[in-house]
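Some notes on the structure that comes next.
The values are calculated or read from the model by the stated rules, or taken from the named source; none is laboratory data. Owing to the predicted nature of the structure, the values given are computational and were not obtained by experimental measurement. Because the Cβ atoms are built from the backbone with ideal geometry, glycine has one as well, and the counts that use them run over all protein chains shown. Side chains included, ligands, DNA and RNA excluded: accessible areas come from the protein's heavy atoms. Shrake-Rupley method; radii C 1.70, N 1.55, O 1.52, S 1.80 Å.
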Amino acid sequence: MDASSPPRYRRFSRPGPAPQSADLPAYTRRNTLAQPIARREPVEHLYPLSDSKGRPWASLSLMSSAKSAKSVPTFHEKEHINGSFQLAAEKGDSIQSVTVIVTGRIITGASVDDTYVFLNQPLSLWSKADSRSSGSATKLLGTCVWPFSIPLPKAVSLQDSGSDTLFRLPESFCERHTRASVIYEISVLVSRGKLRADSQIKTRFGYIPSTRPDPPSLLRQLAYRENSLLPGPDVDPVGWKASSTVVVRGTVFKTRPAAVHCMLSLANPLSYTRGTVIPCRMTLESTDGHALDIFSCPSAPMVTLRRCVRFQNPSTSTKREVDWIETYEDVSRAVFWPAVDGSDAAYSRSLEGEIKLPKELTSTSSIGRFTVSYTVVVSSFDAPGFTPSSSQPILAEPVTITTTHARDSPRPLAYAPPAYAPLPVPRQHNDFYAPPATARQGR
């Protein structure tokens with residue numbers, strides 16, 4: 001049998017009834033995903049700088065949309081970094097300039113060569129040279145306050161393969177178990193004369209880009225608005241992306257060979273907002289009724305959302321070519337239940353399902369030597385008594401994870417019946433981990 005062109009089976013009845021969707025327990029669909037987004041009131045983050053005797057003489061204040069003042073400051077695309085810097089200048093303090101600097105870096109190791117700066121945005125708050133040219137006082141004395149508002153660019157131009165390429169700013173990424181990270185920092189540098197040490201306050205902040213999927217099909221939008229069942233691929237072919245049909249081979253109870261034809265369909269377009277779900281359908285066909293029954297058990301398909309973090313580490317690569325390093329993690333597993341559209345037949349079974357996307361999932365991004373990508377993978381079937389003939393993934397479909405919802409479209413709904421709880425997957429680590437703010441004082 002050729003796996004690339006599997007036969008189609010006639011749908012006729014065998015002795016005994018096929019499983020029906022009417023056997024499912026009744027449930028009420030809950031719109032748990034379409035919650036209104038409430039904008040947080042800005043909170044103030046304060047970072048003081050003290051002298052050698054522990055007396056504060058300068059402070060950096062930032063206003064952000066973070067959960068609390070103790071959280072890492074967080075800024076979204078199109079937002080400005082609003083804040084202020086205050087210092088108490090004493091007589092004889094030879095301050096030459098005060099500069100605030102916003103930086104974005106990709107860190108892939110401990111070496112200097114493993115740090116790649118993709119954003120460097122300085123803003124002069126005060127300088128002695130500018131004051132002299134404008135006729136203002138050239139020395140600071142007493143309490144001085146400089147408010148600032150720094151717009152973050154949506155994208156940056158970087159050298160890629162010998163030419164300038166525009167890259168969207170990536171989302172902050174810092175996980176203890178992943179070597180690569182994307183770090184944003186804001187610092188204030190107080191520069192003095194040659195015989196005096198400079199002072200600096202530095203802290204990390206989180207950045208969230210604004211990415212959104214294209215709207216779903218009109219029929220799926222209608223289902224979301226009316227809180228009704230999602231139309232399947234037969235009714236809404238535009239709203240689904242069907243994979244090629246593959247043959248899963250193995251043995252049943254170590255006694256006889258078995259083959260089941262498998263096809264996975266994902267909701268179109270293949271771009272989904274974190275905190276929602278990926279609707280999916282699975283069609284199974286086989287002339288082996290026993291194998292078909294164990295494969296169509298809702299807990300059998302091992303379908304996961306797999307994240308790949310891909311980066312380059314120049315210090316560990318050869319001189320001729322920089323190697324790419326890839327790390328994989330399954331961040332969520334699909335939940336399936338028997339299809340409710342009555343499409344089962346003697347030699348065919350249909351399963352409905354969805355993959356729940358964690359709210360803290362890092363969005364898809366790519367910049368220079370760092371990428372975060374996602375793939376829906378059918379890795380195997382956890383069917384009792386079945387031993388697969390291969391350990392390789394069965395199907396894989398790249399998808400995009402975004403941060404905001406589709407424009408002018410209803411919010412997606414979760415359809416999993418209460419009896420079908422999400423299955424366990426490895427723990428997801430994706431908080432904005434940041435060490436305490438650092439201060440270097442030369443006073």
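Taking a sphere under 9 Å around the Cβ of His405 and counting the other residues whose Cβ falls inside, with K and R at +1 and D and E at -1, yields a net charge of +3. Cross-link partners among aspartates and glutamates for Lys356, C-alpha distance below 16 Å, same-chain residues fewer than 8 apart left out? Cα-Cα hits under 16 Å: Glu329, Asp330. Taking a straight line from the alpha carbon of Lys154, these aspartates and glutamates sit under 15 Å away, with near neighbours fewer than eight places off in the same chain left out: Glu77, Glu79, Glu171. Taking all protein chains together and a 1.4 Å probe, the residues Ser131, Ser52 rank Ser52, Ser131 from largest to smallest accessible area.
Per-residue surface analysis assigns Ser271 an accessible area of about 30 Å², computed on protein heavy atoms at 1.4 Å probe radius.
Give the carbon-plus-sulfur fraction of the accessible surface of region 75-188 in %, rounded to a whole number; probe 1.4 Å, heavy atoms of protein chains only. On region 75-188, the fraction of accessible area on carbon and sulfur atoms equals 51 percent.
Rounded to the nearest 10 square angstrom, Thr364 shows an accessible area of 40 square angstrom against a 1.4 Å probe. Going by a ≥ b ≥ c, the root eigenvalues of the Cα gyration tensor, does region 52-203 fall in the rounded group (a/c under 1.5), the prolate group (a/b larger than b/c) or the oblate group? Prolate. Counting protein heavy atoms only, region 244-285 has 59 percent of its accessible area on carbon and sulfur, 1.4 angstrom probe.
Taking 0.36 nm per residue of separation and subtracting the current Cα-Cα distance, fully stretching the chain between Ala155 and Asp323 would add 57.9 nm. Averaged per residue, region 93-187 has 49 square angstrom of accessible surface, using a 1.4 angstrom probe with ligands and nucleic acids left out. Across Leu62, Leu218, the residue with the most accessible area heads the list, and the full order at a 1.4 Å probe is Leu218, Leu62. All other residues with a Cβ under 13 Å from the Cβ of Tyr116 taken together, and with Lys, Arg as +1 and Asp, Glu as -1, what is their net charge? With Lys, Arg at +1 and Asp, Glu at -1, the net is -1. The solvent-accessible area of Met302, taken with every protein chain present and a 1.4 Å probe, is close to 50 Å². For region 233-331, the solvent-accessible area with a 1.4 angstrom probe is 43 square angstrom per residue. Checking every one of the trypsin sites (Lys or Arg not before Pro) in region 215-305 against DSSP loop status and a limit of 13 other Cβ atoms within 10 Å picks out Lys254.
Restriction of the trypsin sites (Lys or Arg not before Pro) in region 99-193 to DSSP coil positions whose beta-carbon has at most 16 other beta-carbons within 10 angstrom yields Lys139, Lys154, Arg176, Arg179.
Counting only protein chain heavy atoms and rolling a 1.4 Å probe, the accessible areas of Asp236, Asp323 rank, largest first, as Asp323, Asp236.
Mind running the shape call on region 134-241? Use the C-alpha gyration tensor, a ≥ b ≥ c as the square roots of the eigenvalues: rounded below 1.5 for a/c, prolate if a/b tops b/c, oblate otherwise. The shape class here is prolate.
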